[in-house]
Amino acid sequence: MIKGIIFDFDGLIFDTETHQYTVYQEIFAEHGSELPIARWQQEIGTHSGFSALDYLEELVERKLEQDVLREQFSAKYHAKMAEEKARAGVEDYLKAAKEQGLKIGLASSSDFNWVSTNLKKLGLYEYFECVKTSDDVEKVKPDPALYRLAAECLGLSPDECLVFEDSANGALAAKRAGMNCVIVPNEVTHTMDFCDVEHRLESMADMTLSEVVDYVNNIKVSK
């Protein structure tokens, strides 16, 4: 039975990904080009060393003032993120997990400073008993190491954990770790080709945490 939940961060709790893509699209458009959503989706939930600005240079076939473009990106992106709140239903799930005695962890391919700083801004940091990030592993998602580490930190076996993810790379990492996974895609991940998961929600506001946990437990029992 499910004894703990593990959240992804970027795109699931805090929709950084949609704003990143939107701002890059603005920059690409200013140079008469476009960043294909399918290309951007390959980078979501992982680190491959991909540089959007290097990719833009390839498309326009000329060198660009990347320092200037990075400053433009940073200013526009942070302006958008300053107004962003946690995705719908996130805090309700965290409160419910506490009330139900479920352990709560987080596993992110981003670094700890980014994750912890933003969780604190959102007022959510104290909910998490365990936060594992790229600082803790050699390989990030879709490698399962982050999720295995989070489960170990919570004192749970993989099959006792229910992961919430928004990206294909993240969902694949959770399943490779032997965990149950519910996906909650955002605006830039909803068309991704996901692996086989237990359930899909368009928003955490669509079902209560109790309903989701009961649904997944029933699946486990029927197998």
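Scaled against the 2.2 N^0.38 Å expected of a compact globular protein of N residues, the Cα radius of gyration of the stretch 37-140 reads 1.36. Within the full protein context, the accessible area of TYR24 is estimated at about 40 Å² for a probe radius of 1.4 Å.
Test of understanding: what is the full-extension gain from LEU64 to GLN42, defined as 0.36 nm times their sequence separation minus their Cα-Cα distance? Length difference between fully extended and current span is 5.6 nm.
Quickly estimate the mean residue ellipticity at 222 nm for the chain, helices only: each DSSP H run with n ≥ 4 gives -39500 (n - 2.57), and the total goes over all residues, rounded to 500. Mean residue ellipticity, 222 nm, calculated: -13500 deg cm²/dmol. For the chain, CYS161, CYS181, CYS195 have no disulfide-compatible partner, since no other Cys C-beta lies under 4.7 Å from theirs.
Carbon-plus-sulfur fraction of the accessible area of the chain, 1.4 Å probe, in percent? All intermediate terms of the calculation are to be shown ahead of the outcome.
Numbers: 4940 of 10580 Å².
Roughly 47 percent, rounded to a whole number.
Using a probe of 1.4 Å on the protein chains alone, the accessible area found for ASP92 is around 100 Å². For the stretch 94-140, the percent of C-alpha pairs falling in each 5 Å distance bin, counted from 0 to the bin holding the largest distance, reads 5, 21, 28, 22, 14, 8, 2. The charge dipole of the stretch 119-168, taken about its Cα centre with unit charges on the Cβ atoms of Lys, Arg (+1), Asp and Glu (-1) only, comes to about 200 debye.
What you get for the chain, charging only the Cβ of Lys and Arg (+1) and of Asp and Glu (-1), is a dipole of about 620 debye around the Cα centre. The H on the amide N of ILE6, modeled in the peptide plane, is under 5 Å from the matching H of GLY105, LEU162, VAL163, PHE164, each at least 5 residues off or on a different chain. Using Cα-only point scatterers and the Debye equation, what is log10 of I(q)/I(0) for the stretch 2-49 at each q in 0.18 Å⁻¹, rounded to two decimals? Those come out to -0.65, one per q. Counting only alpha carbon atoms, the long axis of helix 209-222 and the longest principal axis of the chain meet at about 70°. The C-alpha atoms of the chain define a longest principal axis, and helix 16-30 lies at about 20 degrees to it.
The order of GLU99, GLU91, GLU34 by accessible area, most exposed first and with a 1.4 Å probe, is GLU99, GLU34, GLU91. For the stretch 98-202, a crude dipole built from +1 on the beta carbon of Lys and Arg and -1 on the beta carbon of Asp and Glu, taken about the Cα centre, is about 140 debye to the nearest 20. Separation of the stretch 1-59 from the stretch 97-119 is 21 Å, based on Cα centroids. Given the alternatives (1) 44, 33, 33; (2) 57, 33, 33; (3) 57, 37, 30, Cα extents along the principal axes in Å as computed for this entry is given by (2).
Rolling a 1.4 Å probe across the protein heavy atoms gives the stretch 95-223 an accessible surface of 46 Å² per residue. The angle separating the long axis of helix 112-122 from the principal Cα axis of greatest extent in the chain is about 80 degrees.
Look at the dipole of the chain built from charges on Cβ: of MET204, SER108, ALA150, the Cα furthest out on the positive end belongs to ALA150. At the residue level, LEU59 shows approximately 80 square angstrom of accessible surface with a 1.4 angstrom probe and all protein chains present.
The values are calculated or read from the model by the stated rules, or taken from the named source; none is laboratory data. The model shown is predicted, which means the values in this text are computed figures rather than measured ones. Here Cβ is always computed from backbone atoms with ideal geometry, including for glycine, and neighbour counts include all displayed protein chains. All accessible areas refer to the heavy atoms of the entire protein, side chains included, with ligands and DNA or RNA removed. Shrake-Rupley method; radii C 1.70, N 1.55, O 1.52, S 1.80 Å.
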